[in-house]
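Working notes, beginning with the structure itself.
The values are calculated or read from the model by the stated rules, or taken from the named source; none is laboratory data. These numbers come from a predicted model, not from an experiment. Here the Cβ is made from the backbone with ideal geometry for all residues, glycine too, and neighbour counts use every protein chain on show.
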Amino acid sequence: MQREQISVFDMFKIGIGPSSSHTLGPWRAAQQFVQLLQHKQVLEMVVEVKILLYGSLAKTGKGHGTDIAILLGLSGDDPVTFEVDQINTKIAQINTDHKLLLGGKQQISFFADDDMLFLFTESLPFHPNAVTFQAFLNNGTAVSGTFYSIGGGFVVKEGEQTQHKTEVDLPFPINTAGDLLHWCIKTGLKISEVVMENELAWRSEQQTREDVLNIFKVMRECMYRGCHTAGYLPGGLNVARRASALNKRLIKEHTYSNYNEWVMAMRQTGNSFQNILDWVSCFALAVNEENASFGRVVTAPTNGAAGVIPAVLQYFISFCDGFDDQKIIQFLFTASEVGSIFKKGATISAAMGGCQAEIGVSSAMAAAALTEVLGGNQRQVLMAAEIAMEHHLGMTCDPIGGLVQVPCIERNTMGAIKAITASQLALQSNPDKAKVSLDAVVKTMWQTAQDMNSKYKETSDGGLAINIPISLPEC
């Protein structure tokens, strides 16, 4: 049996908001379909493309920017490098000219109302997030492909069990928390050190360190930008951005001109419980307000939960003297491994498991990471992850208007605070006396996901989504 091999750069992907499963995943699926056409050497023969969106992608696709992401992906643009301030201009041009430059090479006619179909009542069995592309050629034949966005930006093509990735010989193969603990006990390595050893199977240590620090760079730039941008979020809900005003209120008279000076300034605001609590909320709000505005973010492990890990990491940097490259790498390594365990044993897709699969997993990841960098042993790290998830079990995903705004943004603040609390509990506890293991809570989360009514799985068919009267012209 082939084991799923997940790198830190699979769990942390640079992309564009507002959703990893509904924006980044469909974007990557569109790119893969273009690559399929190129592989078959028929790209220049395409005269028409149809896009069929199923299940959750259909029901909340407009609010999540699925249609926008797919058009950009089909155009040959990449979410890591595409300038976010050019999104509206490019989409407007496609819709005005009714022309799409497929793969950046083949111009075809495109009418969104006719060529992109939202099949609200249809769903495919493998996963609720499904999209089918159909390319019609000038010789009368067609090429099609169905792709599933399974959460966190992971994409699987129909007929394949996992996303295509070259298999390597990992020194420490891990599927469960039990596997991870086994290797830690056998070698005496910290969890982050086990992760580094596995990452060396893919690339050099220097490259790995540089790439992880680049992930952090994108996280901090996103947070900094969010803390200094006011206004309202797009989409029609008219949700006011709060991070900027909160940052201004908390920073008081202290001045700064860049991220490093900002960190120094916030340290001078004091370390009272209330002050730190407000700052953590500010960090999380900032990231997810950027995410909701089609900003550049890092899946952690998803876009909807992108604010939890950066917020807890920033708490460590600002208030625990964690402003150190090695500590930051250690934090992100540990978080990624815990996230991969949930990915392998359950799901990180809200369309499969509700919000427990996003905020719950991100909180567990952050709790584990914080515990290790604060000096906790391997058992305490896993205990912290378990505590965080245990108290997110059953959380539903019911985005109002299909937008990743309410209740999603505030839930990131809750997930971050729970992560810090879980870490503190684990650090003050004896893991040998714990009643619940991380593997047990992963199993429970998956069982809960399977039992959860589908209307609470990112469909906007239940919960807050149907109890808050709104009018969204865009949806």
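Going by the conditions given, is residue 133 more than 20 Å from residue 32 (Cα to Cα), in a strand (DSSP E or B) and touching a helix residue (DSSP H, G or I) at 6+ places or on another chain (Cβ under 7 Å)? Steps first, please.
On the way: more than 20 Å from residue 32 (Cα to Cα): no; in a strand (DSSP E or B): yes; touching a helix residue (DSSP H, G or I) at 6+ places or on another chain (Cβ under 7 Å): yes.
Taking the combined requirement at face value, the residue does not satisfy it.
Taking the options 371, 334, 347, name whichever one is of a type in the set (Ser, Thr, Tyr) and without any contact (Cβ under 8 Å) to a residue 60 or more places away in the chain.
Working: 334 fails: without any contact (Cβ under 8 Å) to a residue 60 or more places away in the chain; 347 fails: without any contact (Cβ under 8 Å) to a residue 60 or more places away in the chain.
Of 371, 334, 347, the one residue that is of a type in the set (Ser, Thr, Tyr) and without any contact (Cβ under 8 Å) to a residue 60 or more places away in the chain is 371.
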Exercise. Taking the residues in the stretch 41-82 that are without any contact (Cβ under 8 Å) to a residue 60 or more places away in the chain and at positive phi as candidates, determine which candidate is nearest to the chain's Cα centre (by Cα).
Key: 76
Quiz item: How many residues, within the stretch 329-355, are touching a Phe, Trp or Tyr at 6+ places or on another chain (Cβ under 9 Å), β-branched (Val, Ile, Thr) and crowded, with 24+ Cβ neighbours inside 10 Å?
Solution: 2
Practice problem: Only residues that are more than 15 Å from the chain's Cα centre (by Cα) and modelled with pLDDT of 95 or more: list them for the stretch 294-322, please. | Solution: 312, 313, 314, 315, 316, 317, 318, 319, 320
Self-check item: Residue list for the stretch 188-247, restricted to those being basic (Lys, Arg) and either buried (at least 20 other Cβ atoms within 10 Å of the Cβ) or more than 15 Å from residue 329 (Cα to Cα) (or both)
Solution: 203, 220, 225, 241, 242
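Suppose we filter the stretch 198-248 for residues that are in a helix (DSSP H, G or I) and touching a Phe, Trp or Tyr at 6+ places or on another chain (Cβ under 6 Å); how many remain?
Initial filter on the stretch 198-248 (in a helix (DSSP H, G or I)): 198-199, 205-226, 243-248.
Checking the rest, the ones that are also touching a Phe, Trp or Tyr at 6+ places or on another chain (Cβ under 6 Å) come to 198, 215, 220, 223-224.
So the count comes out to 5.
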Practice problem: Please work out which one of (1) surrounded by fewer than 17 Cβ atoms within 10 Å (Cβ to Cβ); (2) assigned to a helix (DSSP H, G or I); (3) not small (Gly, Ala, Ser) is the condition residue 180 fails and give its number. | Solution: (1)
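Would you mind stating whether residue 212 is assigned by TED's automatic domain parsing to the domain that holds residue 316, over 30 Å from residue 400 (Cα atoms), of a type outside the set (Lys, Arg) and under 23 Å from the mean Cα position of the chain (by Cα)? Steps first, answer last, please.
Details: assigned by TED's automatic domain parsing to the domain that holds residue 316: yes; over 30 Å from residue 400 (Cα atoms): yes; of a type outside the set (Lys, Arg): yes; under 23 Å from the mean Cα position of the chain (by Cα): yes.
Yes.
Any chance you could count how many residues in the stretch 351-375 are of a type in the set (A, V, I, L, M, F, W, C), in contact with a strand residue (DSSP E or B) (Cβ under 8 Å, 6 or more places away or on another chain) and closer than 21 Å to residue 7 by Cα?
Initially, the stretch 351-375 is screened for residues of a type in the set (A, V, I, L, M, F, W, C), giving 351-352, 355, 357, 359, 361, 364-370, 373-374.
Still in the list and also in contact with a strand residue (DSSP E or B) (Cβ under 8 Å, 6 or more places away or on another chain): 351-352, 355, 357.
Going one step further and asking which of them are closer than 21 Å to residue 7 by Cα, we end up with 357.
Residues flagged as of a type in the set (A, V, I, L, M, F, W, C), in contact with a strand residue (DSSP E or B) (Cβ under 8 Å, 6 or more places away or on another chain) and closer than 21 Å to residue 7 by Cα within the stretch 351-375 amount to 1.
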Self-check item: Selection count, the stretch 235-268, where residues are touching a Leu at 6+ places or on another chain (Cβ under 6 Å) and β-branched (Val, Ile, Thr)
Solution: 1
Practice problem: Please tell me if residue 427 is over 25 Å from the mean Cα position of the chain (by Cα), closer than 24 Å to residue 378 by Cα and not charged (D, E, K, R). | Solution: yes
Practice problem: Would you check if there is a residue in the stretch 120-135 being surrounded by 14 or more Cβ atoms within 10 Å (Cβ to Cβ), over 24 Å from residue 14 (Cα atoms) and of a type in the set (A, V, I, L, M)? | Solution: yes
Practice problem: May I ask you to say which residue of 415, 402 is under 24 Å from residue 298 (Cβ atoms) and at pLDDT below 95? | Solution: 402
Quiz item: Out of the stretch 249-260, which residues are surrounded by fewer than 13 Cβ atoms within 10 Å (Cβ to Cβ) and not in a helix (DSSP H, G or I)?
Solution: 252, 253, 255, 257, 258
